[in-house]
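Take a look at the structure below.
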Amino acid sequence: MTSPDPESAAGPAPAATSVSASAEGAVDPVKRLDAAAGPLAETEAAWDTFVEQCPEATFFHRVGWRRILEETLGHRAFYLYSEREGAITGVLPLGQVKSLLFGNALISVPFCVYGGVAAQDARAAASLTEAARALAEELQVDYLELRHRARRNPDWPCKDDLYVTFRKALAPEPEKNLQAIPRKQRAMVRKGIKYALQSAVDSGIERFYPIYASSVQRLGTPVLPRRYFQALRETFGADCDVVTTTKDGEPVSSVLNFYFRDEVLPYYGGGTEQARALAGFDFLYWEVMRRACEQGYRWFDYGRSKRGTGSFSFKKNWGFEPQPLYYEYHLVGAKQIPEINPLNPKYRLFIAGWKRLPLFVANWLGPWLARRIG
């Protein structure tokens, strides 16, 4: 795990500049990240250097996701970047997810909660947005979806009342962070401590994956393939780890985390059927927070939740305030913005049926289906 640059600060999500503000109609040339655009390794390094320095960029803008989308999940990736005087001025990672069940979409970024344009100014942002719109038209997808943390295209259809994120600054001392947790949830953390739960950073996903797979099956959600999580660990190295809690040596809960600049993002988590009774979830996330704090991380990103769900309430009860996410759409073949989420009534029967599947059947079918949802 890498320590953050002491001069960096993730801070609140920066306000995005409207793409219509491009000065005097000037545009930056936009290229696609591939061998035809120049030495690939060199361009990838320049991409990640820009992402590291751009306030609008997130962990999900990192170039490693391109290989995961293409090589692990089998989707086409279109990683666009703008240039000015030989330097990158903005990036826009895109993936095309095609499915008979869910349609044909160009998304920034599939399987990620954030994405969209990350640019140094309005001119670069406008250039990338127009290039993405043109690409969506060329590919004849149903829609283009940009997953922004701030409103960027005010004239585009936008889904801003479904998803929120939860981010909060960390105090330098672990004890101050513990005291900042509201009393009821703090008592749950102490309950986990009382039950003598232990935590450890795992070297692999051997304990994590079965816990996560069974957890999402109980929620009625297909699980992504094991190779996807292995690819995350291999691609992002020290910036991706797994923390697992145990009771008397037996796993209770586990979470896969991302680290970006001075921020920790617990991203994929789950627990056994005993986890709730043992306060295994509260103890798990406290251990992630404590470890991150001790290593100098300054921000805790609890991730995306849908309004009105249990995970929304859980994070709010930890003292985090919801911040709306702005998923913006350019419609091509579609007539309206998609509603591909578990709260859509049309998926209720599917979710109920998936919950009743034997776990081995869900784990067999799930990876095939999950990689087509995005």
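The values are calculated or read from the model by the stated rules, or taken from the named source; none is laboratory data. What you see is a predicted model, and the numbers here were worked out from it, not measured in a lab. Don't worry about glycine lacking a Cβ; one is built from the backbone with ideal geometry, like all the others, and counts go over all protein chains shown.
Observations
- For region 27-83, a tally of residues being of a type in the set (Asp, Glu), free of Cβ contacts under 8 Å to residues at least 60 places away in the same chain and under 20 Å from LEU224 (Cβ atoms) returns 1.
- Some residue of region 343-353 being surrounded by 17 or more Cβ atoms within 10 Å (Cβ to Cβ), assigned to a helix (DSSP H, G or I) and more than 19 Å from the chain's Cα centre (by Cα): no
- When region 145-171 is filtered for residues that are part of a loop (DSSP other than H, G, I, E, B) and under 27 Å from SER99 (Cβ atoms), the ones remaining, listed by number, are ARG149, ARG152, ASN153, TRP156, PRO157, ASP160, ASP161, LEU162.
- In region 315-334, residue farthest from VAL288 (Cα to Cα) [restricted to those that are assigned to a loop (DSSP other than H, G, I, E, B) and among the aromatic types (Phe, Trp, Tyr)]: PHE320
- Enumeration of residues in region 213-230 that are over 17 Å from TRP368 (Cβ atoms) and touching a helix residue (DSSP H, G or I) at 6+ places or on another chain (Cβ under 8 Å): SER214, ARG218, LEU219
- Residue check, GLU206 closer than 30 Å to ARG348 by Cα and under 24 Å from the mean Cα position of the chain (by Cα): no
- Of all residues in region 59-80, those satisfying the criterion of being assigned to a strand (DSSP E or B) and among the hydrophobic types (A, V, I, L, M, F, W, C) are ALA77, PHE78, LEU80.
- Wholly enclosed helices (runs of 4 or more DSSP H) of region 186-301 bearing at least 3 residues more than 21 Å from ARG62 (Cα to Cα) and among the hydrophobic types (A, V, I, L, M, F, W, C): 208-218, 280-294
- Qualifying residue in region 169-192 (condition: within 21 Å of ASN257 (Cβ to Cβ) and under 21 Å from the mean Cα position of the chain (by Cα)): yes
- Answer from PRO324, PRO338, PRO358 - the residue that is over 21 Å from PHE60 (Cα atoms), modelled with pLDDT of 85 or more and surrounded by fewer than 18 Cβ atoms within 10 Å (Cβ to Cβ): PRO358
- The listed residue being part of a loop (DSSP other than H, G, I, E, B) and not acidic (Asp, Glu), out of GLY116, GLY90: GLY116
- Some residue of region 67-75 being in contact with a strand residue (DSSP E or B) (Cβ under 6 Å, 6 or more places away or on another chain), among the hydroxyl-bearing types (Ser, Thr, Tyr) and at pLDDT 95 or above: no
- Failed criterion for LEU106 (all others in (1) part of a helix (DSSP H, G or I); (2) in contact (Cβ under 8 Å) with a residue 12 or more places away in the chain; (3) hydrophobic (A, V, I, L, M, F, W, C) hold): (1)
- For region 132-144, the criterion of being within 18 Å of PRO157 (Cβ to Cβ), outside any helix (DSSP H, G or I) and free of Cβ contacts under 8 Å to residues at least 60 places away in the same chain is met by no residue.
- Conditions (1) out of contact with any Leu (no Cβ under 9 Å at 6 or more places or on another chain); (2) buried (at least 17 other Cβ atoms within 10 Å of the Cβ); (3) of a type in the set (D, E, K, R): number failed by GLU294: (2)
- Selection status of LEU135, of a type in the set (A, V, I, L, M), surrounded by fewer than 18 Cβ atoms within 10 Å (Cβ to Cβ) and under 30 Å from GLN336 (Cβ atoms): no
- Residues that are out of contact with any Ser or Thr (no Cβ under 8 Å at 6 or more places or on another chain), closer than 23 Å to GLY310 by Cα and of a type in the set (S, T, N, Q) within region 216-251 comprise GLN217, THR221, listed in sequence order.
- Test set (1) in the same structural domain as GLU130 (by TED's automatic domain parsing); (2) under 18 Å from TYR267 (Cβ atoms) - TRP156 fails condition number: (2)
- Some residue of region 27-34 being over 30 Å from ALA169 (Cβ atoms), of a type outside the set (D, E, K, R), at pLDDT below 95 and surrounded by 13 or more Cβ atoms within 10 Å (Cβ to Cβ): yes
- If you go through region 82-113 and keep only what is under 19 Å from ARG149 (Cα atoms) and buried (at least 24 other Cβ atoms within 10 Å of the Cβ), you end up with GLY90, VAL91, LEU92, PRO93, LEU94, GLY95, LEU106, ILE107, SER108, VAL109, PRO110.
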